[in-house]
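All remarks here apply to the structure that follows.
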Amino acid sequence: MGDLHDVGSMGSIRHARLALLAVCSTFLLACQKPAEQTTGNPPATPDPVSESGQLRAVVIGTELPMVRKADQGFDGLSFVVLEAIRDQLNAEGVKGAKQVSIVPIVAPNVASGLEMIRSGKADIACGVNFSWERQKNFDFTLPFASSGIRLLAPKGNDGTPKNLQGKTIGVIADSVAATVLAENINQATFKSYATPSDALQALKSGAIQLLAGDSLWLRASQQETAPADVIVPVEPYARSAVGCIVAESSSSLLDLSNIALGRLMQAYVDGDPKVRKEINAWLGKDSGVGLTEEQINHYYRNVLSTVAEFQKAS
């Protein structure tokens with residue numbers, strides 16, 4: 001959602017479907033289960049989240065559009081999604097199960113955040129870029145956004161490998177962008193930062209002149225951090241779907257999260273004013289990302305239709 005320069009994964013059906021197929025093919029069976037559960041019959045037994053009454057959500061940094069520190073905790077696009085998942089858990093929990101609330105768990109970096117989910121210390125993380133390496137250890141939900149790997153760079157640098165030779169590029173440690181850029185640019189130096197906040201501060205202070213990351217994050221951060229810079233290249237180094245991840249043992253949470261995401265996206269497509277207001281606040285034309293409702297609507301339609309096609313084919 002929002003390879004901003006080509007309306008990317010949202011504006012182009014071909015690009016959107018490539019990103020969606022990469023993700024949906026890995027959890028086809030999981031995508032089928034929500035469709036079977038929408039009859040209104042709740043699960044036979046409570047899942048661990050319903051039993052504890054806590055949806056423990058990993059928070060890594062406080063960077064837009066996914067997370068923002070608020071007076072009463074956190075908000076952002078990830079928390080719009082988490083609230084939809086919480087509501088779904090409460091709607092379909094068995095009689096006697098505790099009402100679920102979101103419990104943010106702050107992680108110092110990406111690696112520790114993923115380990116929290118793997119070890120069972122946390123239940124879910126939203127706003128995570130898909131990668132095949134991560135898919136080996138976690139289960140991804142339906143994507144609710146899509147982005148591309150690009151750079152914030154001074155004007156005059158087009159972000160191509162030739163113009164990045166000999167440069168120092170800031171990256172977030174253990175991120176998809178760090179892996180992709182290392183594979184594509186041979187003669188550059190990479191400087192890793194533990195969190196998105198650290199990386200943005202380094203760019204703002206002039207410690208680095210180039211910062212790599214996903215387009216949504218770069219666009220949302222550009223005005224405050226480096227308003228004179230440009231987001232390059234025109235074609236991203238890679239496209240990546242963005243969703244939530246859970247442990248491989250959390251099949252019930254995965255199923256209910258997919259129902260919640262499907263309903264959230266369908267509500268946006270159907271023009272639900274509350275849902276549109278919530279999502280537009282982080283992705284819409286008046287946000288730092290600056291997408292139109294038509295672009296967001298187009299992407300969500302593609303997500304929903306891709307899942308439906310998998311189900312029909314099976």
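What follows is calculated from the coordinates using simple rules that are stated; it is not laboratory data. Just so you know, these numbers come straight off a predicted model, no measurement behind them. Reconstructed Cβ throughout: ideal geometry from the backbone, glycine too, with neighbour counts over all protein chains shown.
Couple of notes before you dig in:
- You can think of it this way: the chain between THR160 and GLU83 has 23.8 nm of extra reach, that is 0.36 nm per residue less the Cα-Cα gap.
- Couplings for the range 214-223, taken from phi via the Karplus curve 6.51 cos²θ - 1.76 cosθ + 1.60 with θ = phi - 60°, read 7, 4, 4, 5, 4, 5, 5, 9, 4, 4 Hz in order; Gly and Pro are left as x.
- Of the cross-linked pairs LYS69/LYS98; LYS155/LYS191; LYS136/LYS277; LYS69/LYS204; LYS136/LYS274; LYS98/LYS136, those separated by over 25 Å at the C-alpha level are LYS69/LYS98; LYS136/LYS277; LYS136/LYS274; LYS98/LYS136.
- Averaging Cα coordinates gives a centre for the range 229-254 and one for the range 100-114; these two points are 17 Å apart.
- The phi-based Karplus calculation (6.51 cos²θ - 1.76 cosθ + 1.60; θ = phi - 60°) puts the 3J(HN,Hα) values of the range 142-155 at 3, x, 10, 7, 8, 9, x, 8, 9, 9, 8, 9, x, 4 Hz, whole numbers, x for Gly and Pro.
- Across the range 176-282, Cα-Cα pairs farther apart than 16 Å form 71% of the total.
- Amide hydrogen neighbours beyond the local backbone of ARG68, cut-off 5 Å, H modeled: ASP75, GLY76
- Between ALA212, THR189, LEU164, the Cα set farthest toward the positive side of the dipole of the range 149-232 (charges on each charged residue's Cβ, about the Cα centre) is that of LEU164.
- Amide N proximity, the range 97-123 versus GLN201 label position 7 Å along Cα-to-Cβ, cut-off under 16 Å: 107-110
- For TYR193, the amide hydrogen comes within under 5 Å of the amide hydrogens of VAL171, ILE172, ALA173, counting only partners 5 or more places away or on other chains and with H modelled in the peptide plane.
- All aspartates and glutamates inside 20 Å of LYS162 as judged from Cα atoms, apart from same-chain residues fewer than 8 positions distant: GLU183, ASP229, GLU235
- Pairs of Cα atoms nearer than 8 Å and 6+ residues apart set the relative contact order; for the range 83-242 it is 31 percent.
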